[in-house]
1. Just a yes or no: is a residue in the stretch 119-133 assigned to a helix (DSSP H, G or I) and under 17 Å from the mean Cα position of the chain (by Cα)?
2. Looking only at the stretch 76-94, count how many residues are at pLDDT below 95 and loosely packed, with under 13 Cβ neighbours inside 10 Å.
3. Search the stretch 9-29 for residues being outside any loop (DSSP other than H, G, I, E, B) and surrounded by 12 or more Cβ atoms within 10 Å (Cβ to Cβ), and hand back the single one that is modelled with the lowest pLDDT.
4. Using the structure shown, decide if Val138 is in contact with a helix residue (DSSP H, G or I) (Cβ under 6 Å, 6 or more places away or on another chain) and either over 24 Å from Pro18 (Cβ atoms) or without any contact (Cβ under 8 Å) to a residue 60 or more places away in the chain (or both).
5. Quick one: is Arg132 within 26 Å of Tyr21 (Cα to Cα), buried (at least 16 other Cβ atoms within 10 Å of the Cβ), among the basic types (Lys, Arg) and touching a residue at least 24 places away in the same chain (Cβ under 8 Å)?
6. With touching a strand residue (DSSP E or B) at 6+ places or on another chain (Cβ under 9 Å) and hydroxyl-bearing (Ser, Thr, Tyr) as the only criterion, which of Ser103, Ser93 stands out?
7. Touching a Ser or Thr at 6+ places or on another chain (Cβ under 8 Å), in a strand (DSSP E or B) and crowded, with 17+ Cβ neighbours inside 10 Å: does that describe Leu69?
8. Residues in the stretch 100-111: is at least one assigned to a helix (DSSP H, G or I), under 27 Å from Lys49 (Cα atoms) and at pLDDT 95 or above?
Amino acid sequence: MAGFLNDKEVVKYTERIPHPYEYKDAREFVKKAQDEFGKVKYNYAIELKEEGIVGGIGVGKLFRKRGELGYWLGRPHWGKGIMTEAVKLLLRSQSKDFNLLVSRVSVENIGSQRVLEKCRFKRVGIIPNEHRNVFGEVTDTFQYYWQH
């Protein structure tokens, strides 16, 4: 996990993953996820048998059956359909618990836009200067939603 998240290309589209990402950051994240068990139930590792954890997916800010979808995937696994399958699995297995998901994606993040569109998320608009990544770079974002 720390190896993949220390890749600038992986974290440049995120807002909350620190860079550089160290093993202590991974331990803190796992501890926080364990401490919040029961409060935040939709935080999953994406694991490949031969490699271990290669990504993560979760739904945060869950309120009144509405939440915000976020995810990351190690760069060697981009373009293989792994994240699309993870999002579809999350929607199939957990959709009884929420009826609306939103996701904000940098206009530069073509891969995430494709994932969401393959998973039947609808693009509803653009928010200027909304995304500030961990390096302080600001870009516009597309807002997507999925409704059960």
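1. First, pick out the residues of the stretch 119-133 that are assigned to a helix (DSSP H, G or I): none.
Checked the stretch 119-133: no residue is assigned to a helix (DSSP H, G or I) and under 17 Å from the mean Cα position of the chain (by Cα).
2. The total comes to 2.
3. Start the filter on the stretch 9-29 by keeping residues that are outside any loop (DSSP other than H, G, I, E, B), which leaves 9-11, 23-29.
Now drop any that are not surrounded by 12 or more Cβ atoms within 10 Å (Cβ to Cβ), which leaves 10-11, 25-29.
Working: Val10: 87, Val11: 84, Asp25: 83, Ala26: 78, Arg27: 81, Glu28: 82, Phe29: 75.
Only one residue fits best here, namely Phe29.
4. No, not satisfied.
5. Numbers: within 26 Å of Tyr21 (Cα to Cα): yes; buried (at least 16 other Cβ atoms within 10 Å of the Cβ): no; among the basic types (Lys, Arg): yes; touching a residue at least 24 places away in the same chain (Cβ under 8 Å): yes.
Against the criterion (within 26 Å of Tyr21 (Cα to Cα), buried (at least 16 other Cβ atoms within 10 Å of the Cβ), among the basic types (Lys, Arg) and touching a residue at least 24 places away in the same chain (Cβ under 8 Å)), Arg132 does not qualify.
6. Details: Ser93 fails: touching a strand residue (DSSP E or B) at 6+ places or on another chain (Cβ under 9 Å).
Answer to the selection: Ser103.
7. Yes.
8. Narrowing the stretch 100-111 to residues assigned to a helix (DSSP H, G or I): 110-111.
Subsequent filtering for residues that are under 27 Å from Lys49 (Cα atoms) retains 111.
This time we only want the ones that are at pLDDT 95 or above, so: 111.
Checking the stretch 100-111: at least one residue is assigned to a helix (DSSP H, G or I), under 27 Å from Lys49 (Cα atoms) and at pLDDT 95 or above.
The values are calculated or read from the model by the stated rules, or taken from the named source; none is laboratory data. Everything numeric here is computed off the predicted structure, so don't read it as measured data. Every residue, glycine among them, receives a Cβ derived from its backbone with ideal geometry; neighbour counts consider all protein chains shown.
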